[in-house]
Amino acid sequence: MTDPILEARKETAEAWFRELQARLTAELNAIEAEAPADLYPGEPQRFELTDWTRAEGGGGTMGMLRGRVFEKAGVHVSVVHGTFTPEMARTMPGADVDPRFFATGVSVIVHPKNPRMPTAHMNTRFICTTEAWFGGGGDLTPLLPDQRREDAPDTVAFHAAMKRACDAHDNGLGWYATYKQECDDYFWLPHRKEPRGTGGIFYDRHRSGDADVDFAFTQDVGRAFLEAYPAICRGRLHEPWTDAERLQQRIQRGRYVEFNLLYDRGTVFGLKTGGNIESILSSMPPDVAWP
């Protein structure tokens, strides 16, 4: 029997993720238009939104920008449902009882052209089996050595925004410290023995016992990213860069590729549940070097 409360939560979550997609694409479009022509020649570009359908159930809207400031940026919404394979069902809470699932979320990856602007990622999602939970987070990946420190200004600003989102809902339980550590542990390249970036927060299977609080928290994580990352980009927008910095950016992007293909759970989930290949692999940077 359908649970009307859960169905309403699915609809509300989807509506929020679509709203956040619209707000993020508008903000990045605006930065594309604001950029100085001497550093970023050519015409400003805008996000192209493309609806897609999943044969097994559901679909989504892929948003892609290939511009003069943002060399490659993706802001995607997915709303999918169906039945987990036995392999996936074994890894998902509640799927051992019933392998049917529903998942909706927004996924963001931004690769600026200017190496002095950090790459950034954000994903928030709502997943239902016979259980329901939220997951997600946001993290920053500066690409130049002098910016890859915890006390670098961009990292400090980004973490401050994420901490505010946690502190507003955790009732003093210290979600920021917990989810910061989870982010540091997750975005670690074991074969390189180095972090992917300077972190942020990461939470998975988040259920505090109050679904309304958990949804409000997830919304504020999205708002924190919307507050922090465009401000970081605007702060770097007028900074020129060198060929050496561009090469360093391309090398560090290679580490990003290695992580996403070897360890990223979202990539694996999307590929194993029949998601849109183009949106899943849009996290891959457009220009990469391995020394």
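The values are calculated or read from the model by the stated rules, or taken from the named source; none is laboratory data. Owing to the predicted nature of the structure, the values given are computational and were not obtained by experimental measurement. Neighbour counts are summed over all protein chains in view; Cβ atoms, including those assigned to glycine, are modelled from backbone coordinates with ideal geometry.
Within the range 88-124, can you find the residues that are touching a Cys at 6+ places or on another chain (Cβ under 6 Å) and more than 19 Å from Ala231 (Cα to Cα)? Of everything in the range 88-124, just one residue is touching a Cys at 6+ places or on another chain (Cβ under 6 Å) and more than 19 Å from Ala231 (Cα to Cα), namely Phe102.
All of Val268, Val221, Val213 fail the test of being among the β-branched types (Val, Ile, Thr) and over 20 Å from Phe17 (Cβ atoms), apart from Val268.
When the residues of the range 10-42 are filtered to those that are in contact with a strand residue (DSSP E or B) (Cβ under 7 Å, 6 or more places away or on another chain) and farther than 16 Å from Ala228 by Cα, the one that is surrounded by the fewest Cβ atoms within 10 Å (Cβ to Cβ) is Arg18.
Close contacts from the range 267-279, counting a first residue that is modelled with pLDDT of 75 or more and a second that is hydrophobic (A, V, I, L, M, F, W, C) and crowded, with 16+ Cβ neighbours inside 10 Å, with Cβ to Cβ under 9 Å and a gap of 6+ residues or different chains, come to Thr267/Ile280; Glu278/Trp52; Glu278/Met62; Glu278/Met64. Applying the condition of being touching a strand residue (DSSP E or B) at 6+ places or on another chain (Cβ under 9 Å) and free of Cβ contacts under 8 Å to residues at least 12 places away in the same chain to the range 50-104 and asking which residue is nearest to Ser283 (Cα to Cα) yields Asp51.
Residue-wise test of (1) crowded, with 19+ Cβ neighbours inside 10 Å; (2) of a type in the set (S, T, N, Q); (3) in contact with an Asp or Glu (Cβ under 9 Å, 6 or more places away or on another chain); (4) not in a strand (DSSP E or B).
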{"position": "His111", "(1), (2), (3), (4)": "yes, no, yes, no"}
{"position": "Pro115", "(1), (2), (3), (4)": "yes, no, yes, yes"}
{"position": "Gly138", "(1), (2), (3), (4)": "yes, no, no, no"}
{"position": "Leu143", "(1), (2), (3), (4)": "yes, no, yes, yes"}
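Please verify whether the range 271-278 includes one or more residues that are in contact with a helix residue (DSSP H, G or I) (Cβ under 8 Å, 6 or more places away or on another chain), assigned to a helix (DSSP H, G or I), over 30 Å from Ala33 (Cα atoms) and among the basic types (Lys, Arg). Scanning the range 271-278, I find at least one residue that is in contact with a helix residue (DSSP H, G or I) (Cβ under 8 Å, 6 or more places away or on another chain), assigned to a helix (DSSP H, G or I), over 30 Å from Ala33 (Cα atoms) and among the basic types (Lys, Arg), so the answer is yes. Every residue in the range 234-256 that is of a type outside the set (S, T, N, Q) and in contact with a helix residue (DSSP H, G or I) (Cβ under 9 Å, 6 or more places away or on another chain), please. Passing the criteria: Arg234, Gly235, Arg236, Leu237, Trp241, Tyr256.
With the structure loaded, tell me whether Glu194 is surrounded by fewer than 19 Cβ atoms within 10 Å (Cβ to Cβ), under 30 Å from Ala37 (Cβ atoms) and among the charged types (D, E, K, R) or whether it fails that test. No. In the range 161-174, of all residues being part of a helix (DSSP H, G or I) and without any contact (Cβ under 8 Å) to a residue 40 or more places away in the chain, the one that is surrounded by the fewest Cβ atoms within 10 Å (Cβ to Cβ) corresponds to Asp167.
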